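Report on the structure given below.
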Amino acid sequence: MLKHRVEQSDSEAARLLKAFAQLPVGTKEERFGLLGFLRGQGVLARNEPAAFWDGTKLRQIKVTGTEIYREAKESDLPADLEVLLGEAIVLQNSGRAEEAETRLNTILQRVPDHAVALGNLAGIRSMQGRDAEALDLLREVVKKHPDYLFARCNLARTLIEDGEIDEAERLLDGLIERDRLHIQEVFALYGTLAMLNRAKGEEEAAQSLLSSLESMVEDEDDKRRFAQVKRSIDGLDPVQRFKGLFESILKTSAKPADRGR
């Protein structure tokens with residue numbers, strides 16, 4: 001009933017739905033769904049903060065209006081190579097880099113420019129301390145597969161750690177506006193954006209993204225991903241964070257002069 005009234009531009013109904021999202025009523029998914037509905041109706045602007053009861057406390061989160069799904073993506077590999085890719089991921093997550101690399105190389109022999117295999121190979125190079133090779137591989141993947149979100153996020157994280165904030169920001173530009181994202185893509189993207197915000201000294205924006213991610217945690221895999229995001233952000237070089245904050249202050253102080261040109 002209230003949703004129908006919102007569709008008829010009833011501002012009081014919209015206010016009530018916003019209020020329900022702040023109450024311990026229904027499930028977390030239902031409360032988040034109310035905010036998503038309001039975003040879809042244009043009541044909430046993209047990335048506008050909204051109050052949300054996450055099950056334990058009230059948080060400020062941003063609602064993008066992006067459809068988030070959890071179903072497995074259809075593979076673009078033959079069945080035998082898909083098995084090898086799955087094995088490589090398990091081995092890589094277990095720290096068995098050389099065994100994972102062997103499987104990835106087998107895939108790349110038959111599908112030379114496969115985005116996931118190349119991206120995971122870059123991760124292995126990083127594990128091996130071969131950072132320059134990892135960076136080159138990520139740049140290669142992004143060049144060949146510009147829509148591959150994970151490569152862009154991984155490259156952006158590396159650039160943030162190296163202090164290349166502007167280039168990282170360009171890589172991430174527009175990704176949050178995609179209409180549909182897999183839950184794994186959401187954790188990668190929001191985590192990287194939060195890392196970028198922290199490096200720029202924009203702590204409130206970083207915390208809002210983290211709160212949004214935490215509100216999406218449903219299972220053990222989500223918990224693991226969220227913990228990885230937290231570690232990446234908490235491990236950001238304090239010197240780099242100060243540099244980002246200093247540059248942010250400089251840009252802010254330069255705005256009046258820019259307007260006068």
(message) My understanding is that a pair violates if its Cα-Cα distance is over 21 Å; which of Lys62/Lys200; Lys143/Lys200; Lys18/Lys57 do that in this structure?
(response) Lys143/Lys200
(message) Per residue of the range 178-192, what does 6.51 cos²θ - 1.76 cosθ + 1.60 with θ = phi - 60° give for ³J(HN,Hα)? Whole Hz please, x for Gly and Pro, Karplus curve as stated.
(response) 5, 6, 9, 9, 6, 4, 5, 5, 4, 5, 5, 6, 4, x, 5
(request) Please list the non-local residues whose amide H lies under 5 Å from the amide H of Tyr69, H modeled 1.01 Å from N, same-chain partners needing a gap of 5 or more. (result) Leu181, His182, Ile183
(request) Please order Lys143, Lys200 by the number of other Cβ within 10 Å, starting at the fewest. (result) Lys143, Lys200
(request) Per residue of the range 84-99, in order, report the coupling 6.51 cos²θ - 1.76 cosθ + 1.60 (Karplus, θ = phi - 60°) as ³J(HN,Hα) in whole Hz, putting x for Gly and Pro. (result) 4, 5, x, 5, 4, 5, 4, 5, 4, 5, 8, x, 9, 4, 5, 5
(message) Suppose we keep just the DSSP beta bridges with both residues in the chain; what percent of those would be antiparallel, to 5?
(response) 60 percent
(request) Please name whichever of Asn105, Ala117, Leu23 sits farthest to the positive end of the charge dipole of the chain, dipole taken about the Cα centre and charges placed at Cβ: Lys and Arg +1, Asp and Glu -1. (result) Leu23
(request) Mind checking which aspartates and glutamates have their Cα closer than 15 Å to the Cα of Lys144? Skip sequence neighbours fewer than 8 apart in that chain. (result) Asp113, Asp136
(message) What are the equivalent ellipsoid semi-axes of the range 14-65, built from the alpha-carbon gyration tensor (square roots of five times its eigenvalues), in whole angstrom, biggest first?
(response) 16, 11, 9
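Let me know the whole percent of all Cα-Cα pairs from the range 90-218 that are separated by more than 26 Å.
Values: 2042 of 8256 pairs.
Looking at the range 90-218, the distances longer than 26 Å represent 25 percent of pairs.
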(request) Pop out the ³J(HN,Hα) list for the range 195-208 in order, Karplus 6.51 cos²θ - 1.76 cosθ + 1.60 with θ = phi - 60°, rounded to Hz; leave Gly and Pro as x. (result) 4, 4, 4, 5, 4, 7, x, 9, 5, 4, 5, 4, 5, 5
(message) Within 10 Å of each candidate Cβ there may be at most 16 other Cβ atoms; applying that plus a DSSP loop requirement, which trypsin sites (Lys or Arg not before Pro) in the range 1-47 survive?
(response) Arg46
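Rule-based calculations on the coordinates, nothing more; no lab input. All of these numbers come straight from a predicted model, not from anything done at the bench. Cβ: placed from backbone, ideal geometry, glycine included. Neighbour counts: every protein chain shown.
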